[in-house]
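The values are calculated or read from the model by the stated rules, or taken from the named source; none is laboratory data. In this text, all values refer to a predicted model and were calculated from it rather than measured experimentally. Note that we place each Cβ from the backbone using ideal geometry, even for glycine, and neighbour counts take in every protein chain shown. For accessibility, only protein heavy atoms count, side chains too; no ligands or nucleic acids. Shrake-Rupley method; radii C 1.70, N 1.55, O 1.52, S 1.80 Å.
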Amino acid sequence: MNSERREIILNEIEYWRTSRLLPEQYCDFLENLYQEQAAQAARRTFSINSIQQGSLKTWFLGFGIISLIFFIGFYFSLFPWPLQMAIALLVTSICYSFSAVFRPRRKVAALLTASGGSVILLGLGAWTLWLQDWLSPGGIAGLVGVCGLIWWLAGYFLNLGILNYCGFVCFILLYGVMFGKIHPDASWPMMQLFWLPLSVVMVWLCWLAHHRIKRMAPVFFAVGITVWFMPEADMLLMRQSSVHGMVLLCLLKIVIAFILLFVLRKKWIVWVFK
């Protein structure tokens, strides 16, 4: 069987897995049938056995990767800012590419690789802002927006819900900062009117995604739950203010959330887990 046909079959099996048309163990069994021996050898490139046997491919590849990391680390501050941004995007793209390769058969490795790329993007981006003296509110907001967009797209195309959720969190932060600039002295009821409709919209998108894109439904639901508690988080963490009886108000919202989740459990469980 040629590589193109094998790749088509593996993509189809992954579609069956994400759509839950077949149980997880059946998909794993079918994927194992179509794995190439070359791919298995590639996954063992950095195994203890290959290092012990003195594989030149392993040693040269390891030397090249480590040397590149040290080179970027030592000379990153000397590069012009376009090259700094290009390096951050290039390293992140490489990590996401490896994650895409690992994703069909090694989910943990794919998640770790994508998480590493995301942290590198945020770290190198913040380092660039510091080196170029761009640590202004606008510069930080731009970095958060770029990271949020890249994380959201990467999470969607790599089918990694946690990365997709992190992208939404960045958008939520920008949303809160924008509202803080417009209404810096907003009261607690006004904060509820500003955030809670967004939570309802996220839950509605969860229902819609259950019928259209099932893998996005848990992400929308998690975002909706997060936004439910954002009025209090906005006041305490972003505005550094509080109202009288804030603890009791938070407990009241938790109770209301649990009541709603219990009453509507037969609906949202189907949206999120089925």
Here the qualifying pairs (Cβ atoms under 7 Å; residues six or more apart or on different chains; first in segment 251-272 and modelled with pLDDT of 85 or more; second outside any helix (DSSP H, G or I) and surrounded by 11 or more Cβ atoms within 10 Å (Cβ to Cβ)) come out as LYS253/PHE229
VAL169 being at negative phi and modelled with pLDDT of 90 or more: yes
- Please work out if HIS211 is out of contact with any Lys or Arg (no Cβ under 9 Å at 6 or more places or on another chain), at pLDDT below 90, in a loop (DSSP other than H, G, I, E, B) and over 28 Å from ILE120 (Cβ atoms). no
Being surrounded by 19 or more Cβ atoms within 10 Å (Cβ to Cβ) and either within 30 Å of ILE254 (Cα to Cα) or at pLDDT 90 or above (or both) narrows SER99, SER93, SER199 down to just SER199
Counting only residues in segment 227-274 that are outside any helix (DSSP H, G or I) and within 20 Å of MET202 (Cβ to Cβ), the one most open to solvent (accessible area, probe 1.4 Å) is identified as LYS274
Of the residues in segment 116-171, those that are among the aliphatic types (A, V, I, L, M), surrounded by fewer than 17 Cβ atoms within 10 Å (Cβ to Cβ) and part of a loop (DSSP other than H, G, I, E, B) come to LEU135
Of the candidates PHE229, PHE194, the one satisfying the condition of being in contact with an Asp or Glu (Cβ under 9 Å, 6 or more places away or on another chain) and closer than 22 Å to LEU249 by Cα is PHE194
Those residues of segment 44-90 that are assigned to a loop (DSSP other than H, G, I, E, B), more than 17 Å from LEU131 (Cα to Cα) and either modelled with pLDDT of 70 or more or polar (S, T, N, Q) (or both) come to a total of 4
